[in-house]
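The structure under discussion appears below in the form of structure tokens.
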Amino acid sequence: YTNLEKNSREHSKNKNNNIVMKKKILVCGATGFIGRNIAESLAKKDEFEVYGTYLKSAPLNDPKIKMIKADLTNPEDVDKVVSGMDLIIQAAATTSGVKDILTKPYIHVTDNAVMNSLIFRSAYEHKVGQVVFFSCSVMYQPGDVPVKETDFDANKEIFKSYFGVGWTKVYIEKMCEFYSRIGETKYTVIRHSNIYGPYDKYDLEKSHVFGATVTKVMTNQDGKIIVWGSGEEERDLLYVSDLADFVELAIAKQENKYELYNAGYGSSIPVADLVKKIIGHSGKDLKIEYDLSKPTIKTKLCLDISKAKNSLSWEPKVSLDEGIEKTLTWYKENINF
């Protein structure tokens, strides 16, 4: 840590050959799915000097990303990694799939609340310029109409299976707003839809519907794939590079001290249709069966992304079919099956 704190900033030259100080960005949870994609994307930009935290996973082997081991539920570790940073991308979280959400919902509450409380307090004390926090869309009511940021009603019951994680996210969002009001740090809260792509979890015990389906299809040996539930539930799916683009635009364009944005594809697809698409792009001939006894969360949700379009000029670039192709190509090259 001492070397990190004392390390002089790197610099680069702009198009006029003037020396420009790089902004120091800390990506919390840089070994996770979203964190890794964001860190690698930012590291390609000349204007950023990227740091990433890791704990249980192996550090990233990328010369452009300086990795720091830190327990983000430990106040001393948090202060040491936050000190001297210009920007924080808070992608660290305890996450898992539908099985844990239904059987052990408490695992998404305590550590996440503690971790974010410490990071935001440290950002306030060290006068960090901006914090980007990844929330999610679980607090929204299911429905047939795309939901806007303002459609969340705290007086309405959050979907039963999402009660714990949903209210934890709302609490952390309000913590961002609180610190934006009392300090110098700008906060960006992103309520994203289901993110998919490279480095996602492809463990059937922990993955979400997209990662789980890719694993089932790519490792299939018996000619059939079993889908949990009826396949009628619908998901709004956003390719991870579009989320990375969102972060860069928020860093460049957000003017207000606190903003909350939806980030999604803007339309939803039934899980049954998603499974068919993934099978089709895999080139395999598989029969689909539905297991109604398995855990499933029967909701339909898609996000209205007009606020991000209007204020950040952001919209998804990668279609679902293109995203599936990109993900399957990455899977074949990186996952042993």
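The values are calculated or read from the model by the stated rules, or taken from the named source; none is laboratory data. The model shown is predicted, which means the values in this text are computed figures rather than measured ones. Here the Cβ positions follow ideal geometry from the backbone for every residue, glycine too, while neighbour counts run over all protein chains shown. Note: accessible area is taken over every heavy atom of the protein model, side chains too, but ligands, DNA and RNA are not part of it. Shrake-Rupley method; radii C 1.70, N 1.55, O 1.52, S 1.80 Å.
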- Message: Can you pull out every residue in the range 197-224 that is charged (D, E, K, R) and open to solvent by less than 60 Å² (accessible area, probe 1.4 Å)?
- Response: 200, 216
- Query: Of the residues that make up the range 276-290, is at least one assigned to a helix (DSSP H, G or I) and of a type in the set (Val, Ile, Thr)?
  - Reply: yes
- Which one is farthest from residue 49 (Cα to Cα) among residues in the range 67-87 that are assigned to a helix (DSSP H, G or I) and in contact (Cβ under 8 Å) with a residue 40 or more places away in the chain? 75
- Using beta carbons and a limit of 7 Å, which pairs, at least six apart or on different chains, have the first residue in the range 202-224 and closer than 17 Å to residue 281 by Cα and the second one of a type in the set (Gly, Ala, Ser)? 212/97; 215/207; 217/282; 218/282
- Message: As an exercise: evaluate residue 212 against (1) more than 15 Å from the chain's Cα centre (by Cα); (2) in a loop (DSSP other than H, G, I, E, B); (3) small (Gly, Ala, Ser) and give the number of the one condition it does not meet.
- Response: (2)
- Members of the range 245-272 that are among the aromatic types (Phe, Trp, Tyr) and either open to solvent by 30 Å² or more (accessible area, probe 1.4 Å) or in a loop (DSSP other than H, G, I, E, B) (or both): 258, 265
- Message: So if I check each of 227, 275, which one is touching a Phe, Trp or Tyr at 6+ places or on another chain (Cβ under 9 Å), of a type in the set (Val, Ile, Thr) and open to solvent by less than 20 Å² (accessible area, probe 1.4 Å)?
- Response: 227
- Message: So residue 201 ticks every box in (1) closer than 22 Å to residue 320 by Cα; (2) in contact with a Gly (Cβ under 7 Å, 6 or more places away or on another chain); (3) modelled with pLDDT of 95 or more; (4) of a type in the set (D, E, K, R) but one. Which box is left unticked?
- Response: (3)
- Message: Considering only residues that are open to solvent by 70 Å² or more (accessible area, probe 1.4 Å), closer than 20 Å to residue 258 by Cβ and touching a residue at least 12 places away in the same chain (Cβ under 8 Å), which ones fall in the range 135-150?
- Response: 148
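To keep it simple, each residue is scored yes or no on (1) out of contact with any Leu (no Cβ under 6 Å at 6 or more places or on another chain); (2) modelled with pLDDT of 95 or more.
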site	(1), (2)
2	yes, no
8	yes, no
16	yes, no
74	yes, yes
85	no, yes
97	yes, no
104	yes, no
- Query: Considering the range 55-65 alone, what residues qualify as being crowded, with 19+ Cβ neighbours inside 10 Å and either out of contact with any Lys or Arg (no Cβ under 8 Å at 6 or more places or on another chain) or part of a helix (DSSP H, G or I) (or both)?
  - Reply: 65
- Filter the range 291-334 down to residues that are of a type in the set (A, V, I, L, M, F, W, C) and outside any helix (DSSP H, G or I) and give me whichever is nearest to residue 224 (Cα to Cα). 292
- Message: Can you find, within the range 17-54, the residue that is surrounded by the most Cβ atoms within 10 Å (Cβ to Cβ) among those that are part of a loop (DSSP other than H, G, I, E, B) and in contact (Cβ under 8 Å) with a residue 24 or more places away in the chain?
- Response: 30
- Message: I'm trying to understand the selection: among the residues of the range 160-189, which are surrounded by 15 or more Cβ atoms within 10 Å (Cβ to Cβ) and basic (Lys, Arg)?
- Response: 169, 186
